[in-house]
Structures are given as C-alpha cells and as structure tokens.
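Quick notes on the structure that follows.
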Amino acid sequence: MERYLEDYAVGQTYGSGRIRIEEERIKSFAAEFDPQPFHTDHETASRTIFKGLAASGWHTAAMTMRLMVDGDLKPAGGIVGTGFEEFRWSRPVRPGDELHIQCDVLEVRPSKSRPDQGLIKLRTTTFNKDNEPVQIMVGTLLVPRRSKPD
C-alpha cells in the first residue's frame with residue numbers, strides 16, 4: 001500500500017524485515033567504496049579502535065536504504081529524501097549481524113511552495129541482532145499529497 005502525506009501522522013512507527021551481514025559483503029563493499037583496513041582485513045582491524053572487522057558506515061547506510069525501500073513505510077512515489085539533520089553511527093556493524101530498522105514519524109507538513117507535495121520528518125534507527133542501535137538518522141522525505149488543497 002502506497003501512502004500519501006495525509007496517511008502519515010506524528011507518532012506513527014514503521015518497521016522492516018532483516019538483512020544478515022556476511023563478512024564477504026563487508027569486505028567487497030569496502031574494497032570498492034571505503035578501502036580502509038578495519039573494513040577489509042581481520043588481523044589489521046583487531047588492532048584498531050573497532051577491535052575487529054566492521055562494516056563501513058556507508059555500507060550500513062546503504063543497507064538501511066534497502067530496508068526502508070522493502071519495509072512498511074511505503075511513501076507514494078518512492079523514498080525521496082531532501083536531506084538530513086542528524087546522521088550518526090553509534091556502534092560498529094559486524095559480520096553475522098542482522099539489521100532491521102524502525103522509522104518514527106516526527107513531523108508531517110504540507111509544502112509551502114508545492115501544493116501537491118508535503119514533507120515528513122523521520123528518525124530512522126538501524127538496529128543490530130542484539131537490538132542495539134548502530135545508526136540513527138533524522139531526515140526529511142518529500143511525499144505526494146493525495147489531492148491538491150482547494
């Protein structure tokens with residue numbers, strides 16, 4: 001079910017399924033996009049601040065996006081972001097973790113300049129297999145309205 005601006009309200013929560021993180025995916029993503037040793041090599045990673053192999057934060061962000069697309073949020077027209085007010089990684093994502101998300105609606109408002117659209121502000125928290133937050137972002141999505149106001 002696609003949702004329009006009128007379908008969202010402050011306080012609503014939307015969830016997702018789960019993604020299991022395999023070591024080889026961590027290393028292959030890092031090799032292409034964030035080739036730092038704590039993302040690519042166990043031995044070197046064990047001597048870093050991470051104390052072991054950790055997924056790139058950008059890999060976590062990409063997996064979060066996948067969870068959002070496949071999850072319960074379902075804005076009409078897709079997930080179209082306008083920016084973030086907050087974006088942080090609170091703990092590393094490890095091989096074997098299973099990630100899932102929770103999106104909390106913080107604000108819903110019609111656009112002042114585009115009467116056929118509105119904005120929803122979300123806090124999206126990505127959790128690991130122990131239900132600990134690994135990433136928290138607060139951002140705004142552009143969402144179409146079901147009908148134009150008079």
Given an 8 Å cut-off on Cα distances and at least 6 residues of separation, report the relative contact order of region 1-106 as a percent. 46 percent
Fewest to most Cβ atoms within 10 Å: ASP130, ASP104 sort as ASP130, ASP104
Would you mind working out the magnitude of the charge dipole of region 18-89 relative to its Cα centre, with +1 at each Lys and Arg C-beta and -1 at each Asp and Glu C-beta, to the nearest 20 Debye? 160 debye
Rounded to 5, percent antiparallel among DSSP beta bridges of the chain: 95 percent
Taking neighbour Cβ counts within 10 Å as the exposure measure, how do HIS39, HIS100 sort from fewest upward? HIS100, HIS39
Rounded to 10°, Cα long-axis angle of helix 57-70 versus longest principal axis of the chain: 40 degrees
Could you let me know the centre-to-centre spacing of region 88-150 and region 34-76, using Cα atoms, in angstrom? 18 Å
Hey, for a label at LYS51 modelled as a point 7 Å past Cα toward Cβ, could you say which residues of region 67-107 have their backbone N under 19 Å away? 89-97
Dividing the mean separation of Cα pairs under 8 Å (6+ apart) by the residue count of region 4-60 yields a relative contact order in percent of 26 percent
For the pair ALA31 and GLU2, what calculated FRET efficiency results from E = 1/(1 + (r/R0)^6), where r is the Cβ-Cβ distance and R0 = 35 Å, to the nearest 0.05? 0.45
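Cα-Cα pairs above 27 Å in the chain: how many percent?
Above the 27 Å cut-off, the chain has 30 percent of its Cα pairs.
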Residues with amide H under 5 Å of ASP97's amide H, sequence separation 5 or more or different chain, H placed in the peptide plane at 1.01 Å from N; which? ILE21
Taking only Cα atoms, what is the 0 to 90° angle, nearest 10, from helix 23-33's long axis to the longest principal axis of the chain? 70 degrees
Please tell me the relative contact order of region 49-150 in percent, rounded to the nearest whole number, where contacts are Cα pairs under 8 Å and at least six residues apart. 31 percent
Report the calculated FRET efficiency for LEU106 and GLU43 (r = Cβ-Cβ distance, R0 = 41 Å), to the nearest 0.05. 0.45
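Rule-based calculations on the coordinates, nothing more; no lab input. What you see is a predicted model; the values in this text were computed from it and never measured. Every residue, glycine as well, gets a Cβ built from its backbone with ideal geometry; the counts of neighbours run over all protein chains shown.
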